[in-house]
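So the structure is just underneath, and the comments pick up after that.
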Amino acid sequence: MKKSLEQLLSEPMIYTLPAWTHDKETLTKILEAHPCIQFVSFGALDLRGNNTDEKIPISLFIEDMDSFLTAGVQTDGSSVMLHEIATLNNAKVDLRPDLSVNWFVDYNYEHLHEDTGLPIGTLRIPAFLEHNSKMVDSRSVLKRTVEHFEAEILALFKKHPELLNEFNIASFDDIEKVNLTAATELEFWVRTPQDKANEEKLSTSQILKEQYWKRTKGTVRTALEETIILMDKYGVGPEMGHKEVGGITAKVGLSGKLNHVMEQLEIDWKYDSAMQSADNELFMRELIDEVFELHGLQVTFQAKPIEGVAGSGEHTHMGVSLTLKNGKPVNIFAPKDMKKDFLSSVGWGALMGILKNYEVVNPFVTSTNDAFNRLKPGFEAPICIVGSVGHTTEVPARNRTVLIGLVRDENPLATRFELRAPNPTTNTYLCIAASYQAMLDGIKAAVESKLDSKQLEAEFSKEAGEEKFYLEKDRQYRSEHDVFDDYSEDERNKLFGIPPATVWENIVKFNNSEDKKEILVAGGVFTKEIINSYVLATVDQWEKELLGRIIVNNMKLVRSYKKLHDTENVTDLDVVTWEKVNSLRNHLMKDSLETKSLFTKIREAVEAKDYNLASKLQVEMSGKISTLKSLYATYRRNMIEEENGYDTVRLS
């Protein structure tokens with residue numbers, strides 16, 4: 001419900017300042033009425049999703065508000081990731097405020113205002129990054145996407161009046177606005193600090209689905225409830241919070257409180273405009289982290305914090321609607337007859353566009369080592385470029401094994417697509433931007449083809465090797481089957497393409513898709529400079545994590561695996577199993593005069609910039625580490641004197 005200025009002035013704590021409050025006179029009244037708001041921070045997102053945060057005293061902001069609202073503040077390229085854009089000899093970057101979206105007040109509940117006793121607040125202002133008079137940040141890319149998409153859709157309706165009939169619109173002049181809407185589902189793991197969990201127990205609990213949708217308890221319940229209550233105060237429209245499939249049952253400690261907490265949760269909230277939805281998600285992540293921390297719990301938004309256990313996804317929902325001048329909303333993905341067709345012609349085009357062009361969307365969805373750890377067969381991880389719309393139009397189906405699926409029910413306004421590959425490390429702004437650019441390419445092709453919904457369904461449902469007007473001949477794009485159980489790996493690769501296994505493989509597929517990259521730069525949305533900067537930053541992060549974290553952590557793991565049996569209580573199985581373990585340890589880590597270990601080979605490949613070799617060796621290392629863990633778990637289980645029979649893991 002929209003609040004009036006009088007309501008905002010009278011409330012002791014305010015949480016959101018909508019766009020209509022973003023003028024000097026109104027802001028001054030609101031800020032002076034709330035002295036607990038002591039700081040202002042301009043929050044911009046660089047191309048790798050890093051969020052800026054600086055503390056500007058509220059008195060300085062009020063005193064020089066005209067300048068702050070127009071010119072913003074300055075920083076330099078060393079504080080943001082803009083490879084080959086903000087260089088050492090040209091590092092000036094300006095943070096320009098976005099006056100068109102909601103601003104949030106971020107409260108520090110551990111720091112109280114002396115006069116009011118209320119938490120100290122920081123007004124968070126979403127901003128753009130400007131360099132050499134060009135907007136070069138994640139938010140500006142999404143802003144240009146929205147503007148370009150809206151203009152192109154309006155142009156299509158004007159050029160093809162038959163579309164008006166498909167959506168029961170009397171005249172083009174009846175269209176007021178095009179709306180791009182989005183929503184994300186945020187999954188995360190929470191634990192008590194320093195506690196370790198049993199990896200085998202976690203895996204067993206997941207297989208038995210012992211935690212999924214169970215009641216939350218203790219501090220986890222309190223933190224979850226407080227988060228949902230605060231989300232409502234911030235106006236983001238919480239829909240639900242619940243346990244996910246991962247986790248184990250906590251224990252009651254001597255203090256009477258739960259310890260050994262390790263649970264997976266999900267929190268969902270309502271859809272909004274594309275930009276506002278991305279802003280909401282960014283702020284909610286910080287809110288979740290801080291609320292749980294106040295209760296002594298640690299949150300991780302890693303995509304795959306524990307190997308062998310479900311990772312955390314962030315399924316992203318996207319839709320498009322029109323607002324008519326009489327106020328009526330029209331979903332242009334929904335068909336004229338919901339019982340007859342799955343999608344409208346525009347909807348079929350959008351679905352085909354994102355799947356055909358996914359090679360240039362994927363790097364903006366999955367761009368970290370951690371994210372690729374999640375995208376493996378099983379655990380409902382979407383690794384194949386294939387979509388699903390359901391078995392029949394009357395019974396909606398949700399195929400959880402595909403990359404993108406159709407979500408619909410009796411209400412046409414609910415018709416949208418769910419992209420299942422994103423994870424909490426995904427830069428939502430760029431993910432949504434790239435997805436809509438790809439959709440637009442398919443929409444244009446579908447509308448220009450003048451095919452009806454049934455004919456476009458046939459196009460989308462083509463077999464591999466079948467020639468069609470838009471989709472690639474050698475690929476299949478639709479499956480209503482379980483992609484993992486009903487196809488072999490060879491069949492999946494043949495039908496849907498070989499999925500990238502590493503960050504570098506993803507970048508190679510991207511770089512080899514020059515024609516598809518033109519879709520991203522259409523309308524000036526992504527520039528070639530931004531794409532180049534993003535690729536460089538992604539590769540830079542990949543190689544630094546590979547050398548500085550992954551190999552280092554694997555070295556610690558290898559060193560921790562010790563010989564446990566002695567000469568008195570040993571069997572031939574112990575000896576043989578340990579020999580296998582030790583041989584694998586040496587292969588991974590031990591150099592000799594004649595041979596180099598796998599870790600050394602990877603280091604040398606990265607240092608030589610031989611990324612193809614480094615990527616292949618990374619895949620080999622991942623497989624060897626998994627084998628080593630399994631072998632050592634088998635070895636330890638046979639030790640009578642060993643108290644802890646299984647590996648324990650810690651969320652980082």
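Identify, from the list Ala303, Ala334, the residue that is touching a residue at least 12 places away in the same chain (Cβ under 8 Å) and under 28 Å from Lys494 (Cα atoms). First the steps, then the outcome.
Working: Ala334 fails: under 28 Å from Lys494 (Cα atoms).
Going through Ala303, Ala334 in turn, just one is touching a residue at least 12 places away in the same chain (Cβ under 8 Å) and under 28 Å from Lys494 (Cα atoms): Ala303.
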*Taking the residues in region 278-294 that are in contact (Cβ under 8 Å) with a residue 24 or more places away in the chain and surrounded by fewer than 17 Cβ atoms within 10 Å (Cβ to Cβ) as candidates, determine which candidate is nearest to Tyr109 (Cα to Cα).*
Leu294
*Could you list all residues from region 355-384 that are in contact with a strand residue (DSSP E or B) (Cβ under 9 Å, 6 or more places away or on another chain) and buried (at least 23 other Cβ atoms within 10 Å of the Cβ)?*
Leu355, Tyr358, Val361, Val365, Pro382
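Specify the residue that is farthest from Ala371 (Cα to Cα); the eligible residues are those in region 150-197 that are of a type in the set (Val, Ile, Thr) and part of a loop (DSSP other than H, G, I, E, B).
Of region 150-197, the ones of a type in the set (Val, Ile, Thr) are 153, 169, 175, 178, 181, 184, 190, 192.
Those left that are additionally part of a loop (DSSP other than H, G, I, E, B): 169, 192.
Values: Ile169: 43, Thr192: 23 Å.
Once the filter is applied, the top-ranked residue is Ile169.
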_Give me the residue from region 320-338 that is closer than 17 Å to Tyr436 by Cα and β-branched (Val, Ile, Thr) and, out of that set, farthest from the chain's Cα centre (by Cα)._
Ile332
*Can you tell me which of Lys616, Lys624 is in a helix (DSSP H, G or I), under 27 Å from Lys562 (Cβ atoms) and among the basic types (Lys, Arg)?*
Lys624
*Residues being part of a strand (DSSP E or B) and not hydroxyl-bearing (Ser, Thr, Tyr): count how many of those fall in region 108-149.*
18
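Among the listed residues Lys468, Lys450, Lys444, Lys473, which satisfies the condition of being out of contact with any Phe, Trp or Tyr (no Cβ under 8 Å at 6 or more places or on another chain), in the same structural domain as Asn165 (by TED's automatic domain parsing) and at positive phi? Outline the logic, then answer.
On the way: Lys468 fails: at positive phi; Lys444 fails: at positive phi; Lys473 fails: at positive phi.
Answer to the check: Lys450.
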*Among the residues of region 592-601, is any under 29 Å from Val309 (Cβ atoms), of a type in the set (Val, Ile, Thr) and outside any loop (DSSP other than H, G, I, E, B)?*
no
_Only one of Lys609, Lys590, Lys562 that is within 30 Å of Val136 (Cβ to Cβ), free of Cβ contacts under 8 Å to residues at least 60 places away in the same chain and surrounded by fewer than 17 Cβ atoms within 10 Å (Cβ to Cβ)_ = Lys609
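Has region 383-394 got any residue that is of a type outside the set (Lys, Arg), free of Cβ contacts under 8 Å to residues at least 40 places away in the same chain, part of a loop (DSSP other than H, G, I, E, B) and touching a Ser or Thr at 6+ places or on another chain (Cβ under 9 Å)? Before the answer, list the steps.
Kept after step one, since they are of a type outside the set (Lys, Arg), are these residues of region 383-394: 383-394.
From what is left, the residues that are free of Cβ contacts under 8 Å to residues at least 40 places away in the same chain are 392.
Adding the requirement that they be part of a loop (DSSP other than H, G, I, E, B) leaves 392.
Those left that are additionally touching a Ser or Thr at 6+ places or on another chain (Cβ under 9 Å): none.
Among the residues of region 383-394, not one is of a type outside the set (Lys, Arg), free of Cβ contacts under 8 Å to residues at least 40 places away in the same chain, part of a loop (DSSP other than H, G, I, E, B) and touching a Ser or Thr at 6+ places or on another chain (Cβ under 9 Å), which makes the answer no.
The values are calculated or read from the model by the stated rules, or taken from the named source; none is laboratory data. Just so it is clear, the structure is predicted and the values come from calculations on it, not from any experiment. Cβ sites come from the backbone with ideal geometry, for glycine too, and all protein chains shown count toward neighbours.
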